[in-house]
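Please treat every number below as a calculation from the coordinates, not as lab data. All values reported here derive from a predicted model rather than from experimental measurement. Here Cβ is always computed from backbone atoms with ideal geometry, including for glycine, and neighbour counts include all displayed protein chains.
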């Protein structure tokens, strides 16, 4: 019979690519990982890895078995979650990865009430954008992810993860106080043609959304010179350097002065904030409690929820 712990190592090698990365992630030594993979290969009776240079890569049989390992691990996690659910206890550690704006507005305010109601629950916050957090969730490095997706830049759905919409957050233009468009009740994308933009980091959904929205609604490629994911820093660039931005309303509540915000003249744009967990862990009482706590905080802020 195949050893589940060794199957997990094979799955990790499939995802992380190197024995060293697997060892670091699971607190093994590289030699211990190699020994366990060799033992799994003997049990399987077929070659699962092959040496390439100084490293290992999976054979076709290894890739096949790694896909089965995903299903086995998900079923084991579901069994553990079922037992926890039967106990009725909300306890244990929840590693929650969140992007910065949501961490400030949703996660941190929710932690106090959660800990007061469930003293045996331990929440750990990790700041991470969805591009890093969702792969980490799939690998088991975190337990729950708070992420966002934008109009014009939806995220692909990983079948290994369960997504649950939390709330919606409007996107608004931020321009300097003296900008000609600041006098308008709503700003059109065409009003900002030729301006210096501050937006998300390259390769993020935020930056993709700005690029696509400007092309669709304004007919131009924006000059995004400042690639940052901190809303406060973007607003500082707007107020201090005369840049313009398209930012989430959730990030407007700070002490920065020198800018004004206006809705898009073309109609409402928004981002959807969602939580994600691995499908096998969705019934864990601790994860359900944290999700409920985040939803309560979203309602307290007056955000439009999908419940």
**Percent antiparallel among DSSP beta bridges (both partners in the chain, rounded to 5)** = 65 percent
**Request:** Work out the FRET efficiency for residue 202 and residue 3 from their Cβ-Cβ distance, taking R0 = 45 Å, and round it to the nearest 0.05.
**Result:** 0.60
**Item:** Convex hull volume per residue for the range 75-227, taking Cα atoms only, in Å³
**Value:** 141 Å³
**Fill in**
Here the Kirkwood hydrodynamic radius of the range 183-222, Cα-based and in Å, equals 10.7 Å
**Request:** Please list 119-132, 271-284, 242-255 highest first by mean number of surrounding beta-carbon atoms within 10 Å per residue.
**Result:** 271-284, 242-255, 119-132
**Item:** Over 24 Å [Cα-Cα, the range 168-270], rounded percent
**Value:** 9 percent
**Message:** Just want the ordering: 150, 220, from fewest to most Cβ atoms lying within 10 Å of their own Cβ.
**Reply:** 220, 150
**Message:** Need one number: % antiparallel among DSSP beta bridges in the range 168-270, to the nearest 5.
**Reply:** 60 percent
**Alpha-carbon spread of the range 210-302, three principal axes, descending order, Å** = 48, 32, 25
**Request:** Show me 9-16, 152-159 ranked by packing, highest mean number of other Cβ atoms within 10 Å first.
**Result:** 9-16, 152-159
**Item:** Alpha-carbon gyration tensor eigenvalues x 5, square-rooted, for the range 4-84, Å
**Value:** 22, 15, 11
**Complete:** One would report the Cα pair-distance distribution of the chain, bin width 10 Å, in %, as 6, 23, 26, 21, 15, 7, 1, 0
